[in-house]
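**Student:** Got a structure here, written out as structure tokens. Questions coming.
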Amino acid sequence: MKGRGLFITVEGGEGVGKSTNLAFIEDTLRARGIDLLVSREPGGTPLAESIRELLLAPREELVDVTAELLLMFAARSQHLNTVILPALSRGQWVLCDRFTDATYAYQCGGRGVSTSLVRQLEDLVQGALRPDCTVLLDAPVSTGMARAQARGDLDRFEQEDLEFFERVRSAYLTMARESSGRYRVIDASASLEQVQIALAQVCDDLVACYPVRQ
Ligand SMILES: Nc1ncnc2c1ncn2[C@@H]1O[C@H](COP(=O)(O)OP(=O)(O)O)[C@@H](O)[C@H]1O
Ligand SMILES: Cc1cn([C@H]2C[C@H](O)[C@@H](COP(=O)(O)OP(=O)(O)O)O2)c(=O)[nH]c1=O
């Protein structure tokens, strides 16, 4: 009988190399024999992906912050209950591109939503579930923005200003300090090679600490 799988999340601001490095973490864990499910937020199920499209589309209408917050948690509830929790209980590890820390960073840090409100929604939607490990790819905002802009069309979040992303970054760094046992902070302004050496070490540590139970 397999035990519960590990829940790993990857976080960071725009253009920090999250997609590139998520694929690297996935390959590294699979190469070490881990049965892995990879997903993302907002998204990860057909309904949650539809909510993602609503959230990311640039629009003329000003989006109310509470509406944005509730849509994030609506997508999360669907994703968690139909994809993440079943996988974890099958013994699979789950690697998720963003999770609730993104809500603390973007909606609380970026938009000024109260953390106590997010904590209530987190408890409501997730019960006791929290990630076992969170990899934070951290880089100066200017570095990430330059990489994101070079990529082309900007979504509704990417269109925010530098101050917004400074607040997002600082919210992430505060969480990393306050939950240092769960966080692994990687300097994403280093070369891709150096970033991936650090990530390979994180993967090795996770595999060593949580041996796969057969
Ligand atoms: N450490 C790095 N150094 C230099 N360029 C990088 C690094 N990490 C990612 N990149 C490049 O930056 C761009 C954005 O990376 P991407 O993985 O799409 O970022 P994100 O998913 O965080 O927006 C890509 O062109 C990628 O090759
Ligand atoms: C999960 C989540 C994402 N977001 C935002 C952050 C991103 O700008 C956007 C989509 O996430 P993502 O696909 O990670 O975008 P990118 O690759 O451009 O960084 O959603 C929130 O504002 N709150 C949340 O809870």
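**Student:** Just one of (1) in contact (Cβ under 8 Å) with a residue 40 or more places away in the chain; (2) out of contact with any Gly (no Cβ under 9 Å at 6 or more places or on another chain); (3) part of a helix (DSSP H, G or I) trips up Ser89, so point out which.
**Tutor:** It is condition (2) that Ser89 fails.
**Student:** So is Gln92 farther than 30 Å from Ser189 by Cβ, over 14 Å from the mean Cα position of the chain (by Cα), within 16 Å of ligand 2 (Cβ to nearest atom) and surrounded by 14 or more Cβ atoms within 10 Å (Cβ to Cβ) or not? So that I can check it myself, show each step before the final result.
**Tutor:** On the way: farther than 30 Å from Ser189 by Cβ: yes; over 14 Å from the mean Cα position of the chain (by Cα): yes; within 16 Å of ligand 2 (Cβ to nearest atom): no; surrounded by 14 or more Cβ atoms within 10 Å (Cβ to Cβ): yes.
Against the criterion (farther than 30 Å from Ser189 by Cβ, over 14 Å from the mean Cα position of the chain (by Cα), within 16 Å of ligand 2 (Cβ to nearest atom) and surrounded by 14 or more Cβ atoms within 10 Å (Cβ to Cβ)), Gln92 does not qualify.
**Student:** Right, here's the next one. Any chance you could count how many residues in the stretch 10-46 are of a type in the set (D, E, K, R), touching a residue at least 24 places away in the same chain (Cβ under 8 Å), out of contact with any strand residue (DSSP E or B) (no Cβ under 9 Å at 6 or more places or on another chain) and away from ligand 2 (no atom under 16 Å from the Cβ)?
**Tutor:** Filtering the stretch 10-46 for residues of a type in the set (D, E, K, R) gives 11, 14, 18, 26-27, 30, 32, 35, 40-41.
Okay, now just the ones that are also touching a residue at least 24 places away in the same chain (Cβ under 8 Å), so 11, 14, 18, 26, 32, 35, 40-41.
Now restrict to residues that are out of contact with any strand residue (DSSP E or B) (no Cβ under 9 Å at 6 or more places or on another chain): 14, 32.
With the extra rule that they be away from ligand 2 (no atom under 16 Å from the Cβ), the set shrinks to 32.
Qualifying residue count, the stretch 10-46: 1.
**Student:** For Thr174, are the conditions met, namely being in a helix (DSSP H, G or I), within 30 Å of Asp204 (Cβ to Cβ), polar (S, T, N, Q) and modelled with pLDDT of 95 or more?
**Tutor:** Numbers: in a helix (DSSP H, G or I): yes; within 30 Å of Asp204 (Cβ to Cβ): yes; polar (S, T, N, Q): yes; modelled with pLDDT of 95 or more: yes.
Here the answer is yes, as Thr174 does meet what is asked.
**Student:** Quickly run through the stretch 17-43 and pick out the residues that are assigned to a loop (DSSP other than H, G, I, E, B) and under 12 Å from the mean Cα position of the chain (by Cα). Lay out the reasoning, then the answer.
**Tutor:** Step one: list which residues in the stretch 17-43 are assigned to a loop (DSSP other than H, G, I, E, B), which gives 17, 32-35, 41-43.
Residues satisfying the conditions are Glu41, Pro42, Gly43.
**Student:** A follow-up question, please. Output the residues belonging to the stretch 44-82 that are among the polar types (S, T, N, Q) and part of a loop (DSSP other than H, G, I, E, B).
**Tutor:** Within the stretch 44-82, just Thr45 meets the criteria.
The values are calculated or read from the model by the stated rules, or taken from the named source; none is laboratory data. Owing to the predicted nature of the structure, the values given are computational and were not obtained by experimental measurement. Neighbour counts run over all protein chains shown; Cβ positions are idealised from the backbone, glycine included.
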